[in-house]
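To start, the structure under review is shown below, and the notes come after it.
Readers should treat all values here as calculations from the given coordinates under stated rules, not as data from a laboratory. Given the structure is predicted, the values throughout are model-derived calculations rather than measurements. Here Cβ is always computed from backbone atoms with ideal geometry, including for glycine, and neighbour counts include all displayed protein chains.
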Amino acid sequence: MSKTMVETYEVTLEPSGNQIQVREGQTILDALIRNGIQIPYGCRHGSCSACKARVLEGNYEIMGRVSEYSLLSFERDDGMILLCSTLAESDLVVEIEEEEEEGLTFYPVVDFEAIVEKNEQVTPDIHIIDLELTEPTTVPYGAGQFFEFQVQGESELRSYSAATRYIDNKKIQLHVKRIPNGIGSNYMCDLKVGATVKASGPYGKMQLRDRDKDLVFVAGGSGMAPIKALLEEVFSASFDHEAWFFYGARTEQDLYLVEDWLELERKYPNFHFIPALSNLSDDSNWSGERGFIADVIKKKMESCSGMDAYLCGPPIMCETVTDALYGKGLRGNHIYLDEF
């Protein structure tokens with residue numbers, strides 16, 4: 001095995017024996033995904049440790065973005081890496097956990113460009129951005145998946161989920177929360193109509209698994225985006241079970257698309273929209289649920305046994321909601337997370 005003239009290396013996966021080519025400067029995870037290899041992964045930026053693997057042979061570089069907490073020093077000494085943040089410097093043999101999950105569809109990763117068609121501020125810090133694809137003009141994806149966007153002047157990419165289901169058109173909608181001093185979010189929220197963006201995807205395993213059961217969806221803030229796409233997918237065909245959408249926000253100003261959800265509730269009696277606000281003033285006239293969304297779930301749901309749950313929001317929300325769902329009889333292998 002040797003380095004080729006096009007600056008690629010061969011990566012052999014054990015124990016399957018599968019082989020892929022990885023370009024110099026391309027992360028191993030990106031090469032795996034683009035070759036249709038299904039493996040566990042999460043954030044794609046060296047924080048969550050979901051894509052941990054071991055190098056058996058060859059030379060490599062672990063990128064500086066990987067913290068000591070994500071990959072401990074003794075693990076590094078033992079050849080452990082994070083696939084999302086490791087670059088090949090020679091041919092490699094990597095021990096890796098390949099997986100095939102029933103119900104998931106593989107969508108090839110595509111590099112694409114798009115033009116900003118709309119950028120609307122819908123809360124004090126959330127923008128809805130509509131993109132029209134130009135090259136190529138369509139990128140198939142599964143409801144719940146995300147894309148990675150280039151930020152001008154930055155080497156690190158930023159991830160945003162599609163907020164609508166794929167219906168074979170040229171559009172992708174994003175919900176972007178502006179973070180104080182956040183380079184990526186400020187860049188996205190400040191995009192003008194007509195601006196061009198570059199991205200790749202789809203990524204992630206936040207896809208609808210089984211529609212033949214009751215479903216629970218939970219989101220906080222701009223985590224509504226993939227949940228919106230998933231619910232559009234649920235009700236795009238006959239659905240004879242119950243679906244609950246719990247949405248957590250701080251104040252009434254932080255709620256958005258409420259009328260859309262109420263209209264869906266009127267159209268489908270088996271859909272239940274339950275927003276909750278956690279930081280209301282004493283004189284607020286809010287008549288809905290109050291408190292953290294995990295506590296509201298405990299209050300509103302008698303049992304979640306036999307259901308599937310889809311969660312998207314900050315890690316603390318996902319953690320507390322998972323605990324609440326456990327307490328209602330839902331097992332961990334039926335809870336699908338997208339933390340940000």
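In table form, for the structure just shown:
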| quantity | calculated |
| --- | --- |
| Label-point separation, Gln19 to Arg331 (7 Å along Cα→Cβ), nm | 4.0 nm |
| The chain - mean residue ellipticity at 222 nm from DSSP helices (-39,500 (n - 2.57) per run, n ≥ 4, rounded to 500) | -5000 deg cm²/dmol |
| Matching label, Rg/Rh (Cα atoms, Kirkwood Rh) computed from the structure shown, candidates [x] 0.98; [y] 1.11; [z] 0.94 | [x] |
| Acute angle (nearest 10 degrees) that the helix 315-327 long axis makes with the longest principal axis of the chain, alpha-carbon atoms | 70 degrees |
| Set of lysines with alpha-carbon distance to Lys299 below 20 Å, sequence-local pairs under 8 removed | Lys328 |
| Radius 14 Å from Cβ of Glu117, net charge of other residues (Lys, Arg +1; Asp, Glu -1) | 0 |
| Antiparallel bridges, percent of DSSP beta bridges restricted to the chain (to nearest 5) | 60 percent |
| Formal net charge of residues neighbouring Arg44 (Cβ-Cβ distance under 10 Å; K, R +1; D, E -1) | -2 |
| Note, ³J(HN,Hα) from phi for region 283-297, Karplus 6.51, -1.76, 1.60, rounded to Hz, x at Gly and Pro | 9, 5, 9, 4, 9, x, 6, 10, x, 6, 4, 4, 5, 5, 4 |
| Under the Karplus curve 6.51 cos²θ - 1.76 cosθ + 1.60, θ = phi - 60°, whole-Hz ³J(HN,Hα) for region 70-84, x wherever Gly or Pro sits | 6, 9, 5, 4, 5, 5, 4, 5, 8, x, 6, 9, 9, 4, 6 |
| For the chain, with +1 on Lys and Arg beta carbons and -1 on Asp and Glu, the positive-most of Pro40, Leu71, Val216 along the dipole | Val216 |
| By average C-beta atoms within 10 angstrom, highest first, the peptides 242-250, 64-72 | 242-250, 64-72 |
| Aspartates and glutamates whose Cα lies under 12 Å from that of Lys198, excluding same-chain neighbours fewer than 8 positions away | Asp111, Glu113, Glu132, Glu135, Glu148 |
| Relative contact order of region 200-245, defined on C-alpha pairs under 8 angstrom at six or more residues apart (%) | 54 percent |
| Mean Cβ count within 10 Å, highest first, over the residues of peptides 196-205, 182-191 | 196-205, 182-191 |
| Under-5 Å amide H pairs with Leu92, H placed in peptide plane, nonlocal only | Glu10, Val11, Thr12 |
| Most mobile listed residue (Leu29, Leu264, Leu311) in the chain, GNM with C-alpha springs under 10 Å | Leu264 |
| 5 angstrom amide H check on Asn18, placed H, neighbours 5+ away | Leu13 |
| Charged-residue dipole, Cβ positions (Lys, Arg, Asp, Glu), region 188-232 about Cα centre, Debye nearest 20 | 160 debye |
| Degrees separating the helix 258-267 axis from the principal Cα axis of the chain, which is the longest one | 70 degrees |
| Region 282-340 shape via C-alpha gyration tensor axes, a/c threshold 1.5 | oblate |
| Charge context of Ala225, other residues only, Cβ under 10 angstrom, K/R +1, D/E -1 | +1 |
| Most positive-pole-ward Cα, Ser16, Tyr166, Pro140, against dipole of the chain from beta carbon charges | Tyr166 |
| The chain: angle of helix 224-234 to the longest principal axis, Cα-based, in degrees nearest 10 | 80 degrees |
| Gyration tensor over alpha-carbon atoms, region 125-226, equivalent ellipsoid semi-axes in Å | 24, 17, 12 |
| Set Lys171/Lys205; Lys177/Lys228; Lys118/Lys267; Lys170/Lys205; Lys267/Lys300 screened for pairs whose C-alpha atoms are more than 18 Å apart | Lys171/Lys205; Lys118/Lys267; Lys170/Lys205; Lys267/Lys300 |
